[in-house]
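Notes follow once the structure below has been shown.
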Amino acid sequence: MAKINTKITDGVHKFTLPIPYDTGSANCYLIEGDKGYTIIDTGANTEEAKWLWKMELEGKLPVEKVIITHIHPDHMGLASWFQERYGTPVWISTQGYEELLKMRSLFKDGQYEDPIRALSPYHGGPVLPKRKDLYFLYHDFLFEPDRLFSNHEKIPIGNDFYEAIWTPGHSPDHYCFYQHDKHILFVGDHILNDMNPIILTKQQGENPLKQYFATLDPLERLAADYVLPGHGQLIDDLRGRIGKMRAHYRKRLDQTFQSVDRKGKTAYEVAKSVYGSIQSHDRAMSAFIQVITNLEYLESLGCIKKEEELGKAFFILAIEEE
């Protein structure tokens, strides 16, 4: 892994921590202020991450507060640890608190009950076996926030005020933070430099891709000299990166649309057409769930329609082919 602590600009440092998931690492940020550090995101709840934080903070500024971009374990897994070890207030959004409570409700006897399991047979896929989830762990969600913030609220980060901008898509509660004078934008997992963020429907009735696209135009208009993501390298060209992501999504949406016909197909059948073989042993069957997400978005545009038959959803072409 590259250097753990990297100076971005005056008073702003990126602190990169290893995480035991696919991306391999997560970016946390330390912002200096007269009262101490504000930390944006904590990394995952691992002994290695705790040790690295202790080494980083020893003999330095106190931690004034922790601010969480969204309620995913690689970003908030150490929230309770900061509260207990350092007495640090933890700030999350009002939507984040709703998501925190929802996540707690999805655990039965301490084991996460993935709502994606219910989506699979409804969309023509196999019944997914229960598996012990190594990403969502019950104890990570047991903390109580010390302060809630809301959309467009100006919140203190270091010695400056940042606008909290609600950006649902990757997560229903995702927030970015923008400093209007210094043109600093923390984007969490909403925009990444080296990969497209994961935007997946997790429960029936959700349309996260529609929410995600609606957030891109306002962000694209921001003057941002420093764009700081939750994983990977900094983003040099915000507008250019958004343009590349849009092109990727257009390609996938077109492939999905072209795979639907007038007779009707399940999302699982469409997924096999778009991606080829779908491996049922894959933990989340990401390609399959991505196709469900794309189909729900296309239905919201009126390009296709969804009908139910014998407890399964079928997607049918709704407009004339050229």
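The values are calculated or read from the model by the stated rules, or taken from the named source; none is laboratory data. This is a predicted model, so every value here is computed, not measured. Backbone-built Cβ (ideal geometry, glycine too); neighbour counts: all protein chains shown. Note: accessible area is taken over every heavy atom of the protein model, side chains too, but ligands, DNA and RNA are not part of it. Shrake-Rupley method; radii C 1.70, N 1.55, O 1.52, S 1.80 Å.
Along segment 223-232 the Karplus relation, 6.51 cos²θ - 1.76 cosθ + 1.60 evaluated at θ = phi - 60°, assigns HN-Hα couplings of 7, 10, 7, 10, 10, 10, x, x, 8, x Hz to successive residues, with x for each Gly and Pro. Amide H contacts of Ile304 (H built 1.01 Å from N, in plane; Pro and chain starts excluded): Glu299, Ala318 sit under 5 Å, all sequence-distant by 5 or more or on other chains. For the peptides 210-222, 183-195, the ranking by packing is 183-195, 210-222, with the highest mean count of neighbouring Cβ atoms within 10 Å listed first. Relative to the dominant Cα principal axis of the chain, helix 286-301 is inclined by about 80°.
Of the solvent-accessible surface of the chain, computed with a 1.4 Å probe and all protein chains present, 49% belongs to carbon and sulfur.
Of the GluC sites (Glu not before Pro) found in segment 26-64, those that fall in a DSSP loop while having at most 12 other beta-carbon atoms within 10 Å are Glu58.
Could you estimate the translational diffusion coefficient of segment 244-315 from the Stokes-Einstein equation, with Rh from the Kirkwood formula over C-alpha pairs, at 37 °C and 0.692 mPa s, in whole µm²/s?
Calculated translational D: 262 µm²/s.
When the chain is fully extended, how far beyond the present Cα-Cα distance does His183 get from Tyr21, taking 0.36 nm per residue of separation? Show your work: numbers first, answer last.
Working: separation 162, 0.36 × 162 = 58.32 nm, distance 3.11 nm.
That works out to 55.2 nm of additional length.
An ellipsoid equivalent to the chain, defined through the eigenvalues of its Cα gyration tensor, has semi-axes of 37, 23, 16 Å when rounded to whole angstrom and sorted largest first.
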